[in-house]
Amino acid sequence: MVREFLSRFAASSSAMIGLGLLTVLVLCAVFAPALAPYDPNSSDLPSALKPPSAAHLLGTDELGRDILSRLLYGARLSLLVGVEAVALALAVGVVLGAVAGFYGGKIETAIMSVMDIMLSFPSILLAIAFMTVLGRGLDKAVIAIGIVTVPHYARIVRGCVLSVKENVYVMAARSIGNGDGRLIFVHILPNVLAPIIVRATIGVSVAILEAAALGFLGLGVEPPTAEWGTMLGSGRQTIFNAPHIVTFPGLAITLTVMAFNLLGDGLRDVLDPRLK
Amino acid sequence: MGKYILRRLLLLVPVLFGVSLATFVVMHSFTTDPATIILGEHATTDRIEALREELGLNKPIYVQFYDYMKNTVRGDLGKSVITKTSISTELVKRFPATVELAVSAVCIATVLGLVLGVVSAVRQNSVYDYGAMTVALLGVSMPIFWLGLMMIILFSVTLGWLPASGRISIGMVPDDITGLYLVDALLTGNMESFRDAFRHLIMPALALGSYSTAIIARMTRATMLETIRQDYIRTARAKGLREGAVIVKHALRNALIPIVTVIGLQMGALLGGAVLTETVFSWPGIGSYVVEGILVSDYPRVQGAVLLIGTVFVLVNLIVDIIYGYLDPRIQHS
């Protein structure tokens, strides 16, 4: 089965391009200290707002900091925020969705109503509202984005559990005396993993975009931390005389989000052709 | 159908109550006291206490919620703590700007998305297909605020074709009828204002619509690929219909249901995206009002605007559900 998965995965061009891009990004993030030509936070006012040159390949920002170095360090934050936010949303969303789908009745109504109310707000707006309450900071952005995306996972998991729980093997597992928890986590969830994995992969790209948006609005990390969205937000003021400051962080975000989207699309084709 | 709409309207009451409660709870979980935020940390205790009294923050939380609901139902969302102006009045004034932007973006996204999707499905695995799907991939991957900034750099800074910000030039505002500048300019026959407002609208609407264009294009392609393999399409071709008629009247019509669902869902993304697009283009709508409110910690302002956007979102979803019934007679709303 693993071999079949791998060969189908290798045959999917979007999955392979996504994986390739992602590998490069992860390597950049991991080896940022070795790759970065300058300290990402050391400012050098005389060489502020310089366009790309041999000394600074991607130019410098309004404080004379090297943009390439800041982008490399920023890759760590963006990837981390994306993965952590999805992990949080998954942990909560899978449990809520599974419980709602498995038990049905009032529990289901209660859980799904809360999810529906959360879905009544555009997610970025809800994330902004949470950030207003929680305050700035990376860990808070993770919590805000994680919370607002919980309903996406809860809905998918509930739907899948509903379709699987009446199967004969679940009934068989129950008849030999398995408890509810074991039924849900050992017998039902592993059989609905495919759509969850696909959604989570694409979810990382959504989380990265939302984190960048929070940063852009000035609700992200505290300065001087190098974060892509925040770099874009602060570069906005100098867009007329130094457009390179906003160009490169945006490109970095686009490439990263594209990598996860391609990987997600590829995984969907490989894991669950019905979803195509 | 009438009964269904009535029931859905009644169901709106608990949902909107939930939306108001959620907004209230989030906004009142401020870790820092709003009065302290407004007056600054160095304010005297007396002044903070006086402001807390004025804002009603000393009352028990359930009384605060009751007051808030009572006023909200009457359409009174309170006063901005910074400018002291009525939030409802300000929202009413800014609402048409957001509507104009969001509706334009939906129109652009629907037309572009359908065209891209249909072309790539009909010419599957051709250069057109790969081209359209690459555009769609870029659309879902680019942050809209970055796309907006890139457009400003290209079309305003470099080429000088379009204005970089605002909704209309000074002195060009048409007579107020609907608050939608394009519509008002047309109604009053003021073509100069129309052109000016249109030039201001192009970039924000394109930027805001980019993500939805991509989603609609992908969905259209997927459903069209399924429908054009159906037997009734072969029948339509066999009886000698022109290819154009087969695609539009037979295939697209039947592929529309999932596409309309996606367009409906995009309204939410658009309202969220408006927050970012309005900030980039200094568009005087609800979105920029929220962001300004957050930056100055004006929490009644954020609360009012979030509540308004949530309500609009819920209403839009209801309208989308009703449209299904008309598009597909098989869907029985009972």
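The values are calculated or read from the model by the stated rules, or taken from the named source; none is laboratory data. This structure is a prediction, so every number in the text was calculated from the model and none was measured. Every residue, glycine among them, receives a Cβ derived from its backbone with ideal geometry; neighbour counts consider all protein chains shown. Heavy atoms of the whole protein, side chains included, go into the accessibility calculation; ligands, DNA and RNA do not. Shrake-Rupley method; radii C 1.70, N 1.55, O 1.52, S 1.80 Å.
In chain A, the longest principal axis of the Cα atoms and the axis of helix A:2-11 are about 40 degrees apart. Ignoring aspartates and glutamates fewer than eight residues from B:LYS239 along the same chain, the ones with Cα atoms less than 19 angstrom from its Cα are B:ASP231.
Comparing the full protein assembly with the isolated chain, the residues of region B:127-141 losing at least 40 square angstrom of accessible surface (1.4 Å probe) are B:LEU137, B:SER141.
Centre-to-centre separation between the Cα atoms of region B:210-253 and those of region A:53-73: 49 Å. Quick one: check the C-alpha center-to-center distance for region B:120-195 versus region A:234-249, whole angstrom. Answer, in whole Å: 21. Distances between placed amide hydrogens fall under 5 Å for B:ARG123 paired with no residue 5 or more residues away or on another chain.
If one takes the longest principal axis of the Cα atoms in chain B, at what angle in degrees, from 0 to 90 and to the nearest 10, does the Cα axis of helix B:61-73 lie? Result, in degrees: 60. Buried on complex formation within region A:123-154 (loss of at least 50 square angstrom of accessible surface versus the isolated chain, 1.4 Å probe, ligands and nucleic acids ignored): A:LEU125, A:THR132, A:VAL133. For the protein assembly as shown, the normalised intensity computed at q = 0.10 Å⁻¹ comes to -1.01 (log10 of I(q)/I(0), Debye sum over alpha carbons, equal scatterers, no solvent). Once the 1.4 Å probe is applied to the protein heavy atoms, region A:79-275 comes out at 38 Å² accessible per residue. Buried surface between chains A and B: roughly 3400 Å² of accessible area, summed over both sides, computed with a 1.4 Å probe on protein heavy atoms only. Pairs from the list A:LYS106/A:LYS165; B:LYS70/B:LYS93; B:LYS59/B:LYS79; B:LYS59/B:LYS84; A:LYS106/B:LYS79 with a Cα-Cα gap above 29 Å: A:LYS106/B:LYS79.
With all protein chains present, how much of the accessible area of chain B (probe radius 1.4 Å) comes from carbon and sulfur, to the nearest whole percent? Looking at chain B in its full context, I get 65 percent from C and S. Largest mean-square fluctuation among B:VAL73, B:VAL260, B:VAL118, in a Gaussian network model of chain B whose springs join Cα atoms under 10 Å apart, belongs to B:VAL73. Heavy-atom accessible surface of region B:93-244, averaged per residue, reaches 49 Å², computed with a 1.4 Å probe. Using the Cβ-Cβ distance between B:TYR66 and B:VAL103 with R0 set to 51 Å, the FRET efficiency from 1/(1 + (r/R0)^6) comes to roughly 0.90.
Spin-label pair B:VAL296-B:THR158: with each label point 7 Å from Cα along the Cα-Cβ axis, the two points sit 3.7 nm from one another.
When B:GLU49, B:GLU192 are compared by accessible area at a 1.4 angstrom probe, the order from most to least is B:GLU192, B:GLU49.
Projecting label points 7 angstrom from Cα along Cα→Cβ for A:SER47 and B:ILE323 puts them 5.4 nm apart.
Placing pseudo-labels 7 Å out from each Cα toward the beta carbon at B:ARG253 and B:ASP231 gives an inter-label distance of 1.9 nm.
Pairing the Cα long axis of helix B:253-280 with the longest principal axis of chain B, what angle in degrees results, from 0 to 90 and rounded to the nearest 10? The helix B:253-280 is inclined about 40 degrees to chain B.
Compute a Gaussian network model of chain B, connecting alpha carbons closer than 10 Å, and tell me which residue from B:ALA269, B:ALA236, B:ALA222 fluctuates the most. Maximum fluctuation in the GNM of chain B, among the listed residues, is at B:ALA236. Taking every residue in B:266-272 and counting other chain Cβ atoms within 10 Å of its Cβ, the average works out to 4. For chain A, with a Gaussian network of springs between Cα atoms less than 10 Å apart, report the residue from A:GLY266, A:GLY233, A:GLY20 with the top mean-square fluctuation. The residue that fluctuates most here is A:GLY20. Shielding value for A:211-220 is 4, the average number of Cβ atoms from other chains within 10 Å of each residue's Cβ.
Going 7 Å from the Cα of B:ARG8 in the Cα-to-Cβ direction, what parts of region B:250-276 have a backbone nitrogen less than 20 Å from that spot? What the label zone holds, given the 20 Å backbone N cut-off, is B:254-271. The separation of region A:106-120 from region A:1-30, counted between C-alpha centres, amounts to 36 Å. Here region A:79-275 exposes an accessible surface that is 67 percent carbon and sulfur, computed with a 1.4 Å probe and the other protein chains kept in place.
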